[in-house]
Amino acid sequence: MTFACDRMGSSIDTALNRGHCGLWDWDLARGRIAWSASMYEMLGLDERSGAISVGEVNALAHPDDINLTEIAKSLIDSTEQNIDRTFRIRHADGGWLWLRARAEVVRHPHDDGPRLIGIAVDITEQRKLAESSRTAGERLQDAIEAVSEAFVLWDADDRLVLCNSKFLRLHNLPAAADKPGLRYDEIMALGAQPLAITQVPVTERPEGGARSY
């Protein structure tokens, strides 16, 4: 039985390390948090046998993102049963990791107080990718805005991908019409067709009394 439990524990640790996540068991009343081995490894810290204090975790967390003491007070005093928070936490090398923590308040009759039990996942790479995509999108928008003519791009289903302000002005469209995903007919219904001016060439021998406009 002991061997089976040890083997199961080893499998769980391997899965957590592969998934870049760690388990949290937070005694809200005492302010003590038990971390899995994978949580310490994710932060580049030496694993310890006992729990870590809320103050120690607060010192690692970015103050602009989260305050564990305030969260504990809120959970104890309210009927809120779960949390889903995204925040930065300091790695041992001095850099910041982005974590997404999802946990649920558990109340057992034999415990002195509620516990918050859940998982924290490293989403640093996803955040970096999202930031890179956002920056690339902004640069693309700046580029098409610099085009001297009206520019618009539709997808295969005639839905708007992007356009510049000159396209909006050309069709007398409101600023809200540049929302990606709107259909061509929906956008065109918001504006008016541009005024087209055609010049009629004057012939060498125009009819008497005729004029060209």
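The values are calculated or read from the model by the stated rules, or taken from the named source; none is laboratory data. Quantities reported herein were computed from a predicted structural model and do not represent experimental measurements. Backbone-built Cβ (ideal geometry, glycine too); neighbour counts: all protein chains shown. Surface accessibility is based on the protein's heavy atoms, side chains included, excluding ligands, DNA and RNA. Shrake-Rupley method; radii C 1.70, N 1.55, O 1.52, S 1.80 Å.
Answer yes or no: is there a residue in segment 33-55 that is part of a helix (DSSP H, G or I), touching a strand residue (DSSP E or B) at 6+ places or on another chain (Cβ under 9 Å), open to solvent by 70 Å² or more (accessible area, probe 1.4 Å) and modelled with pLDDT of 90 or more.
First, the residues of segment 33-55 that are part of a helix (DSSP H, G or I): 37-42, 54-55.
Subset that is touching a strand residue (DSSP E or B) at 6+ places or on another chain (Cβ under 9 Å): 37-42, 54.
This time we only want the ones that are open to solvent by 70 Å² or more (accessible area, probe 1.4 Å), so: 41.
Applying the additional criterion that residues be modelled with pLDDT of 90 or more yields 41.
Yes, segment 33-55 contains a residue that is part of a helix (DSSP H, G or I), touching a strand residue (DSSP E or B) at 6+ places or on another chain (Cβ under 9 Å), open to solvent by 70 Å² or more (accessible area, probe 1.4 Å) and modelled with pLDDT of 90 or more.
Checked against (1) within 19 Å of Phe87 (Cβ to Cβ); (2) at pLDDT 65 or above; (3) within 26 Å of the chain's Cα centre (by Cα), Leu28 passes all but condition (3).
Note on segment 85-125: among residues that are at pLDDT 90 or above and more than 18 Å from Ile66 (Cβ to Cβ), the one that is nearest to the chain's Cα centre (by Cα) is Glu125.
Checking the stated criteria, Ile71 turns out to be within 25 Å of the chain's Cα centre (by Cα) and at pLDDT below 90.
For Cys21, the conditions (1) open to solvent by less than 80 Å² (accessible area, probe 1.4 Å); (2) under 14 Å from Val121 (Cα atoms); (3) at pLDDT 90 or above; (4) not aliphatic (A, V, I, L, M) are fulfilled apart from (3).
Within the option set Arg107, Arg100, Arg169, being of a type in the set (Lys, Arg) and exposed (fewer than 11 other Cβ atoms within 10 Å of the Cβ) holds for one residue only, Arg107.
Every residue in segment 77-110 that is outside any strand (DSSP E or B) and within 16 Å of Trp24 (Cβ to Cβ), please. Talk me through it step by step, then tell me what you get.
Pass one, segment 77-110, residues outside any strand (DSSP E or B): 77-81, 91-95, 107-110.
The answer is Gln81, and nothing else.
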